[in-house]
Each structure stands twice: as C-alpha cells, then as structure tokens.
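S.K.: Below you'll find the structure I mean.
The values are calculated or read from the model by the stated rules, or taken from the named source; none is laboratory data. Because the structure is a prediction, the values reported are computed rather than measured. All Cβ positions, glycine included, derive from the backbone under ideal geometry; neighbour counts span all protein chains shown. Heavy atoms of the whole protein, side chains included, go into the accessibility calculation; ligands, DNA and RNA do not. Shrake-Rupley method; radii C 1.70, N 1.55, O 1.52, S 1.80 Å.
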Amino acid sequence: MTHFAKKGCTTAIVLLLASSLLLTACGKTEATASASGGAPEVTELRYQGGVGSVTFPELADDLGYLAPLKLKFIGNTISGPQDIQAVVTGDTDFGGAFNGAIVKLISAKAPIKPVIAYYGVDENTWTGYYVLDGSPIKSAKDLIGKKIAVNTLGAHHEFVIKEYLHRAGLTTEEIKQVTLVVVPPVTTEQTLRAEQIDVATLGGVLRDKALERGGIHPLFKDIDLFGTFSAGSLRAD
C-alpha cells in the first residue's frame, strides 16, 4: 500500500512538472510563433542536473511526458542558488532552489518567476545532520567550534542549521563560531568518516546508503524542526 502511494505521488509530481515545463516553453515561443507560421521555434530547454540523482524533469523527459519538447543537459550543479543564477544569466532555461535563496534574487529584481514547488520535507523525504557514533557532540551547544558540511551556503541546509542553533538558545556570537564547510554531497559521508568534519548533512539515497553502512546517527533533522513543508521551487526566466 505504501509503495503504491509513493508511486502515485511521484507520478503526479512528474505530470505537474511536465505541464509546468511545457507552459514555460510555450511562453518562450509566443513571440516567435507568428514569424514561423505557428510552429514553435523552441524545441528544447537547457538545464543542470545533480550528481548521483535523477531529477523530476529528467524522469518526465525519459517517460515521454515532455514530447515534443526535449531537455538539454549542460552540466551538473550541487547548489540551488547557482542553479537559479544560471537561469538569470541565460545559461539555462529553468532551475530550482530553496525558496529563501529565490526570495533574495527576487528582492534584487532578478527577472525570474515561479513555476512549481519541486522539493520539500515529509516523513519519507527529509535531511539529517549526522555525527559519528561515539562523537562527543550531543547538543547544539557542542557544535560551537565545530565544522558542519553543507552542499552550499545561503540555502536550505544553512537555514535549518541556524534555526536549530537559534532554537537551542545559542547567541549570535556563539552561532558565528559554528563553521559551515561546503562539501559535495557525494563525498560528504566519506569526509565525515575521515573526521575532516564533525557533522555531515545527508539526505535521499546518500543518507540511506550511509545508514546502511552504519556508525552514524542524526543529531537533528529538518522535519523535526519544521514538520512537513514545501521548501524549494523551479524557476524560469
């Protein structure tokens, strides 16, 4: 029963994303359609992928939901802010990021618009902030002077960490002493086990595989702080 519920939810999300991307493409062709007798001039949308993951737009494309539109892969990104900045600069046609990063761009008058929420947090999809078993870190106070790995600065993980520290009663000066280190998600587990960092931010399949190997446990999780919520959106120019 759970399996089919998850499958149905994934299918619905893919279809919604497919519809949104098709509308994005239509918007880009309106100005040029009349010059070509009504035939759309845009047949592909440029995008960035993620290392070790399949995005919903990629899945929709592979299943044929975007036809006749096709996606054009131009490279990978590990950063939501960089992904939507690429949209602003015209290097890609759509990208996704944490809503907080998007708000910053919009406040700076960047020419982007929301299409659809594409990721969030629920009982099946969440991010944990992990320490090694036997670590002396037991609470937020223990993070003072320690290093936490995140995929990028100014996005979801930094927001969650600082909220966790704030709720635990740490002062602004104490929070400044917690160092955030940018580490590619695919190497974060290895970096933790090598004790080059004190806390690893892990989610999705990378979290699941790390837990299978054992020896780590979460200090806290984003779902424990905020419950179920939509965290990021796809944007187009």
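S.K.: Counting DSSP beta bridges in segment 100-237, what percent are antiparallel, to the nearest 5?
M.R.: Numbers: 16 of 22 bridges.
The antiparallel fraction comes to roughly 75 percent.
S.K.: In debye to the nearest 20, how big a dipole does segment 69-185 give about its Cα centre with +1 on each Lys and Arg Cβ and -1 on each Asp and Glu Cβ? The partial results should precede the final answer.
M.R.: On the way: 12 positive and 11 negative charges, 49 e Å.
Dipole about the Cα centre, nearest 20: 240 debye.
S.K.: Compute the distance from the alpha-carbon center of segment 143-187 to that of segment 195-237, in whole Å.
M.R.: If we compute the Cα centre of each part, the gap is 13 Å.
S.K.: Using the heavy atoms of the protein chains and a 1.4 angstrom probe, tell me the accessible area per residue for segment 81-182 in square angstrom. Show your work: numbers first, answer last.
M.R.: On the way: 4960 Å² over 102 residues.
Result: 49 Å² of accessible area for each residue.
S.K.: In nm, to one decimal, how far is the modelled label at HIS166 from the one at LYS147, with both set 7 Å along Cα→Cβ?
M.R.: 2.7 nm
S.K.: Hand me the trypsin sites (Lys or Arg not before Pro) from segment 125-182 located in a DSSP loop with no more than 10 other Cβ atoms within 10 Å, in residue order please. Could the numbers behind the result be given before it?
M.R.: Working: sites: LYS138, LYS141, LYS146, LYS147, LYS162, ARG167, LYS176; in loops: LYS138, LYS146.
Qualifying residues, ordered by number: LYS138.
S.K.: Please report how far the C-alpha centroid of segment 50-95 lies from that of segment 109-125, rounded to the nearest whole angstrom.
M.R.: Here the two parts' Cα centres lie 14 Å apart.
S.K.: Pulled fully out, how much extra length does the chain show between VAL51 and LYS104, if you take 0.36 nm times their separation in residues and subtract their Cα-Cα distance?
M.R.: Working: separation 53, 0.36 × 53 = 19.08 nm, distance 2.53 nm.
Using 0.36 nm per residue and subtracting the Cα-Cα distance, I get 16.5 nm.
S.K.: Using θ = phi - 60° and the Karplus relation 6.51 cos²θ - 1.76 cosθ + 1.60, list the HN-Hα couplings for segment 79-92 in order, rounded to whole Hz, with x at every Gly or Pro.
M.R.: 10, x, x, 5, 4, 7, 5, 5, 5, 4, 7, x, 6, 9
S.K.: Taking 18 Å as the cut-off for C-alpha to C-alpha distance, list the pairs among LYS176/LYS221; LYS162/LYS209; LYS147/LYS176 that go past it. Can you show the working numbers first?
M.R.: Numbers: LYS176/LYS221 21 Å; LYS162/LYS209 26 Å; LYS147/LYS176 11 Å.
Violating the 18 Å limit, Cα to Cα: LYS176/LYS221; LYS162/LYS209.
S.K.: I would also like to ask the following. Rounded to the nearest whole Å³, what is the per residue volume of the convex hull around the Cα atoms of segment 44-102?
M.R.: Once divided by residue count, the hull of segment 44-102 is 77 Å³.
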